[in-house]
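Okay, so here's the structure we're looking at.
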Amino acid sequence: MSTSETVSILEGETFVVSSRTGDLEGSPTNTHGLFHQDTRYLSRWILTINGTAPGTLSIDNLRYFASRFFLAPGTASIYVNSKLSVIRTRAAGSGFHEDLTVMNYDTEPAEITLRIDLAADFADLFEIKDHQPKKGGHYHRIEKRGLILGYRRENFVRETLITATEPCELAPDHLLFRFRLAPGAEWSTCIDVAIAVDAWGASSEKPKYAHGDLDARPAGKTLKDWMQTAPALVTSHSSLTRTYERSITDLAALRFFPAFAAGGALPAAGLPWFMATFGRDSVITSLQSLPFEPELAAATLKVLGNLQGQVVDDFREEEPGKIAHEMRWGELTAFEERPQSPYFGGHDSTALYLILLDEYERWTGDRALVRSLEHRARAALSWLDRFGDSDQDGYLEYERKNTQSGLENQCWKDSWDSIVFADGKIAPAPRATCEIQGYVYDAKKRCARLAREVWYDPELAQELEAQARDLKVRFNRDFWVKKGGYFALALDGQKRQVDALSSNIGHLLWSGIADEEKARSCVRHLMSPELFSGWGVRTLATGMGSYNPIGYHVGTVWPHDNSLIAWGLRRYGYREEAARVALGMLEAADYFEGRLPEAFAGYPREMTQYPVEYPTACSPQAWATGTPLLLLRTLLGLDALGEHLIVDPAIPDAIGRVELLGVPGRWGRADAFGRGLIQLSPMKKAA
Amino acid sequence: MREFFTERLGRSSDPRFASLKGTFRFDVQGAGSWRLSVDHGELDLQESNEPADCLLQWSDKDLADILSGRRNFLTAFLQGRVRVQGDHALAAGVHNFFKKVA
């Protein structure tokens, strides 16, 4: 988890971002710190020895929750023939535990003053890049048990407790250790930095890990068990093995156990900054990983079910039946200066939730869970028809109600400038994006099956099927851009077609809403040089007014987007095209050591030769992590039919043999085999 | 307050609790304690201060504010106005019942 600039470790809802010496130099704009539940409990933690900051010799990333820093006085650029060595070992979890060891290799004794400068600003994550003065007061106490740094705003109290095993001078802004080291001797201390949340009634005075304690104790399965329960991949393609193992490992690290939620671990959106419950991201990652780790889907369904909207609340954009978009825990959320308690500004999450509910039952046969969530599903279906379609024109459209801090775009392309006409003009709200209509179509078809087979309500099934049929007819008429031969990105506030050519048309294949002939035309566009970069499908086609190969949603290539597009291509029988998209993505993954980023630049492949990474804050990102898994499903043509696993491979010869052994599902465990028989024809070059 | 517990939670079954199993105790400073037993949709409410899997504590004013819609349950919880002890996962299953319903 280390980059050239920072080292991140995490455990549960705690993470630590430090420099390469292990120091925390957090500021209103610097993201270093010890974080727990969206609050920075330690913003400054700087080590000096005899007044000098040591430099880094090396870093050992021991575990995802622990790092060891080997340090010596001097810096990397100024060589000092140091006789002192320092080892700093840190393990995160409900605060952190730090072991400090200083060794003297001199022939003379050394007088040492070891100082740690410290501070806790208790900043909310949202405050860090948008500096605002704190509204409450900071305080400190020095007690027999240690130093307490605290923050209080009305009843909101957060505290950091710092203790050391060796005698030291405790002050509100530092710890000071003075000792003498004989030649060849070493000195050590343990330091605990524990966090306390007043409201919880169960705060510990100790962090999760203690001295020498580096055996992971995750709340769920251990990493070893997690790896063992995932299907085994056997392939002649060595880098695919690396990408697969990386995805399964990263998925384990992304498991998030929200304290105030039932149902086990669901996938967080990204590490470390999006270690939070997100509606869209958690659902899509659960869908991608369903044939590999189905327990994530079960937890996602339960947790999001518990957070389902109940009332009309414009600040949170909550409505009865709507599925939540994001849940946060910091001060700004607590005092309603931000709406994430939870925030409901995702217009697609509700339909996606229903899609996951059906796919989960089809795959696992867990009818008990699907029955227990029937009332949630009915409320969600009702939201689609009532609040989701606020003007009752038959399409779901969004326009933010929270104009202060709500999202302007409430689809997956949630940057403000993503929904544009072909000429680059921004589409006026309310916006009915095309992929959301596809999700609604799919959700209704799937819920019709659940109504008939699981909820025993054939009338509801018939009604939903009729609604889906009607939606498909209208959609193919109203969204079809005749001149271009593709579906419009959206309808705008005046019901005009937002006529940009975008990757969203690929989602319509996944949903099954496109008529066959129109689908064929869309496939031609998806595989054209305007949309297909050689690595994957761009979010927006070249030639569009807003196209920018490094524009967040207007020209970059998003792996998760491509995984859904490839799935859609298979659905409509475009085996070679699906294989091409999958191969492009898996080849791109090789350049990122098997870990696909959230997005990369949309430059043509022949121009850059390698995928140019788009700078993002989080790595790994959940739905990029799930991408290779869904691509494997797509390549092998895996599906659940009745009690059986269906395998219908369409694998490019460049990948060769693929065996996925022990695929979990309602059949127990089953194996899937495929050989690379698809020879991909050369791509058309960009004009 | 008493009406809230007996009317909102005093029924014998409720499908919204279908995925929950456990016991709750609601302590309202200045009003009393109620203990709710939930078994996959079947409910049993008693006025009692017997121990439970999940304990939620409020002042009567804060709970009244939540029930009237002047305060949100989750932000009140984050602010330290609702104390939750024991099984937090269970608390997640009931928070929606403390929202004002139009």
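The values are calculated or read from the model by the stated rules, or taken from the named source; none is laboratory data. The model shown is predicted, which means the values in this text are computed figures rather than measured ones. Neighbour counts are summed over all protein chains in view; Cβ atoms, including those assigned to glycine, are modelled from backbone coordinates with ideal geometry. Please note that ligands, DNA and RNA were not included when accessible areas were found on the heavy atoms of the full protein model with its side chains. Shrake-Rupley method; radii C 1.70, N 1.55, O 1.52, S 1.80 Å.
Checking the structure you have, find out if any residue of the range A:509-517 is part of a helix (DSSP H, G or I), modelled with pLDDT of 95 or more and of a type in the set (Phe, Trp, Tyr). Within the range A:509-517 (the criterion being part of a helix (DSSP H, G or I), modelled with pLDDT of 95 or more and of a type in the set (Phe, Trp, Tyr)), the answer is yes, since at least one residue qualifies.
Residues in the range A:329-343: is at least one in contact (Cβ under 8 Å) with a residue 24 or more places away in the chain, open to solvent by 10 Å² or more (accessible area, probe 1.4 Å) and of a type in the set (A, V, I, L, M, F, W, C)? So far as the range A:329-343 goes, yes, one or more of its residues are in contact (Cβ under 8 Å) with a residue 24 or more places away in the chain, open to solvent by 10 Å² or more (accessible area, probe 1.4 Å) and of a type in the set (A, V, I, L, M, F, W, C).
Report whether or not A:Leu304 is crowded, with 24+ Cβ neighbours inside 10 Å, closer than 20 Å to B:His88 by Cα and within 14 Å of another protein chain (Cβ to nearest Cβ). Yes: the conditions hold for A:Leu304. The condition of being among the polar types (S, T, N, Q) and within 12 Å of another protein chain (Cβ to nearest Cβ) holds for B:Gln57.
Counting only helices (runs of 4 or more DSSP H) that sit completely within the range A:336-429, those holding 3 or more residues that are among the aromatic types (Phe, Trp, Tyr) correspond to A:349-364. If the condition is being under 17 Å from B:Phe24 (Cβ atoms) and crowded, with 19+ Cβ neighbours inside 10 Å, then the range B:68-87 contributes B:Phe73, B:Leu74, B:Ala76, B:Phe77, B:Val82, B:Val84, B:Gly86.
Check B:Leu67 against each of (1) farther than 17 Å from A:Arg153 by Cβ; (2) facing chain A (nearest Cβ under 9 Å) and name the one condition it does not meet. In the conditions (1) farther than 17 Å from A:Arg153 by Cβ; (2) facing chain A (nearest Cβ under 9 Å), B:Leu67 misses (2) alone. Residues in the range A:338-345 include none that are touching a strand residue (DSSP E or B) at 6+ places or on another chain (Cβ under 9 Å), closer than 18 Å to A:Lys445 by Cβ and away from every other protein chain (no Cβ under 14 Å).
For every residue, the table says whether it meets (1) closer than 27 Å to A:His375 by Cα; (2) free of Cβ contacts under 8 Å to residues at least 40 places away in the same chain; (3) touching a strand residue (DSSP E or B) at 6+ places or on another chain (Cβ under 8 Å).
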| position | (1), (2), (3) |
| --- | --- |
| B:Leu20 | yes, no, yes |
| B:Ala31 | no, yes, no |
| B:Leu43 | yes, yes, yes |
| B:Ser48 | no, yes, yes |
| B:Ala52 | yes, yes, yes |
| B:Phe77 | yes, yes, yes |
| B:His88 | yes, yes, yes |
| B:Phe97 | yes, no, no |
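In the set (1) outside any strand (DSSP E or B); (2) of a type in the set (S, T, N, Q); (3) without any contact (Cβ under 8 Å) to a residue 40 or more places away in the chain, the condition left unmet by A:Thr29 is number (3).
For A:Glu359, the requirement of being modelled with pLDDT of 95 or more, surrounded by fewer than 22 Cβ atoms within 10 Å (Cβ to Cβ), at negative phi and more than 14 Å from chain B (Cβ to nearest Cβ) is met. Here A:Leu373 clears all of (1) at pLDDT below 95; (2) open to solvent by 20 Å² or more (accessible area, probe 1.4 Å) except the condition numbered (2).
Scanning the range A:137-169 for residues that are within 14 Å of chain B (Cβ to nearest Cβ) and open to solvent by 60 Å² or more (accessible area, probe 1.4 Å) returns A:Arg152, A:Glu154, A:Asn155. When A:Asn30 is tested against (1) crowded, with 23+ Cβ neighbours inside 10 Å; (2) touching a helix residue (DSSP H, G or I) at 6+ places or on another chain (Cβ under 9 Å), exactly one condition is not met: (1). Of the numbered criteria (1) in contact with a Gly (Cβ under 6 Å, 6 or more places away or on another chain); (2) under 24 Å from A:Asp124 (Cα atoms); (3) modelled with pLDDT of 90 or more, the one B:Cys54 fails is (2). Filtering A:Ala368, A:Ala380, A:Ala351 for residues that are within 14 Å of chain B (Cβ to nearest Cβ) and surrounded by 22 or more Cβ atoms within 10 Å (Cβ to Cβ) leaves a single hit, A:Ala380. Among the residues that make up the range A:125-133, is at least one of them at pLDDT 95 or above and touching a Lys or Arg at 6+ places or on another chain (Cβ under 6 Å)? The answer is no; no qualifying residue exists. Residue count for the range A:71-90, restricted to those that are among the hydrophobic types (A, V, I, L, M, F, W, C) and either at pLDDT 95 or above or open to solvent by less than 10 Å² (accessible area, probe 1.4 Å) (or both): 3. If you check A:Ala210, A:Ala230, A:Ala252 for being at pLDDT 75 or above and touching a Leu at 6+ places or on another chain (Cβ under 6 Å), only one passes: A:Ala252.
Of all residues being within 14 Å of chain A (Cβ to nearest Cβ), within 15 Å of B:Phe98 (Cα to Cα) and open to solvent by 20 Å² or more (accessible area, probe 1.4 Å) in the range B:1-54, which is farthest from the chain's Cα centre (by Cα)? Just the residue, please. Of everything passing the filter in the range B:1-54, B:Arg16 is farthest from the chain's Cα centre (by Cα). Can you tell me which of A:Gly330, A:Gly321 is closer than 19 Å to B:Ala92 by Cα and facing another protein chain (nearest Cβ under 10 Å)? Among A:Gly330, A:Gly321, only A:Gly330 is closer than 19 Å to B:Ala92 by Cα and facing another protein chain (nearest Cβ under 10 Å).
Residue under question is A:Val311, and the condition is that it be within 12 Å of another protein chain (Cβ to nearest Cβ), in a loop (DSSP other than H, G, I, E, B) and modelled with pLDDT under 95; does it hold? For A:Val311, the condition - within 12 Å of another protein chain (Cβ to nearest Cβ), in a loop (DSSP other than H, G, I, E, B) and modelled with pLDDT under 95 - is met. Would you check which residues across the range B:70-87 are more than 12 Å from the chain's Cα centre (by Cα) and within 7 Å of chain A (Cβ to nearest Cβ) and list them? Selection gives B:Asn72, B:Leu74, B:Thr75, B:Phe77, B:Leu78, B:Gln79, B:Gly80, B:Arg81, B:Gln85.
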